[in-house]
1. For the stretch 42-61, how many residues are under 15 Å from Phe155 (Cα atoms) and either in contact with a Cys (Cβ under 8 Å, 6 or more places away or on another chain) or buried (at least 18 other Cβ atoms within 10 Å of the Cβ) (or both)?
2. Here is a list: Thr105, Thr86, Thr122. Which entry is farther than 18 Å from Ser72 by Cβ, under 13 Å from the mean Cα position of the chain (by Cα) and not acidic (Asp, Glu)?
3. Give the stretch 142-173 a look and list any residue that's within 11 Å of Thr105 (Cα to Cα) and either acidic (Asp, Glu) or surrounded by fewer than 20 Cβ atoms within 10 Å (Cβ to Cβ) (or both), or say none.
Amino acid sequence: MKKKLTYKNILGTACLLTGLVMSSAVSANLVNVDFSNGLNGWGGDVVYYDTENDMDNNVTDVIFGDYSNNFSTTSNSVTLNTFADTTNEYWGVYLYQEFMVAAGTSEISLKIDSTADYAYVTLVDENLDLVHDFKNGGLSVDISTFIGSLMSLEFGIEDSNYAYDDYLTVSNITISKQSISVTEPASWALFLLALAGIIKRFIKIA
């Protein structure tokens with residue numbers, strides 16, 4: 001369900017689509033959005049350049065503990081980083097979660113902090129069509145018309161200048177619920193009076 005179009009889009013897209021197929025089961029609405037349980041419930045991909053063998057490699061559905069320089073969490077936030085060591089240059093880092101929009105869902109909102117050659121925070125549907133671009137289209141989106149639909153929330157960064165100092169932090173992910181109208185006390189009082197009148201009438205008839 002990932003939709004990434006960048007200067008290395010062929011390799012990146014292949015990596016991401018493979019990761020999505022291998023990712024865990026779909027949840028009803030997003031889970032672990034405050035990252036209190038690390039990255040449990042999320043899937044991630046990494047693309048890196050192997051300098052010794054002169055080739056790019058993509059790792060799909062990563063074990064996050066093996067890529068602690070690329071993925072990190074704090075209270076209510078996650079940060080993606082590009083990174084380079086003596087043999088590998090980690091130029092593409094992606095995080096995603098597939099979910100079914102649960103009944104009563106109103107909108108998704110979040111916050112973004114980023115310095116990167118390329119970064120995105122998007123919501124896409126099951127056809128890979130872009131539903132919302134949080135960076136360019138606003139930090140919240142109404143998804144009440146998508147209840148019962150399969151969607152994916154996706155983050156990513158890519159390096160293009162070989163500095164490997166790119167980062168993207170997404171925080172305060174919030175799923176709002178639709179407001180449920182509550183009958184006013186005055187309306188309840190009128191209803192009860194009418195009900196009492198009907199009961200009294202039936203008692204007289206009997």
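Where a number appears in this text, it was derived from the coordinates with a stated rule and is not lab data. Every value quoted in this text rests on a predicted model; they were computed, and no experiment measured them. Quick reminder, even Gly has a Cβ in these numbers, built from the backbone with ideal geometry, and neighbours come from all protein chains shown.
1. Going through the stretch 42-61 one residue at a time, the tally reaches 7.
2. After ruling out the rest, the residue left standing is Thr122.
3. Residues satisfying the conditions are Asp142, Ser144, Thr145, Phe146, Ile147, Gly148.
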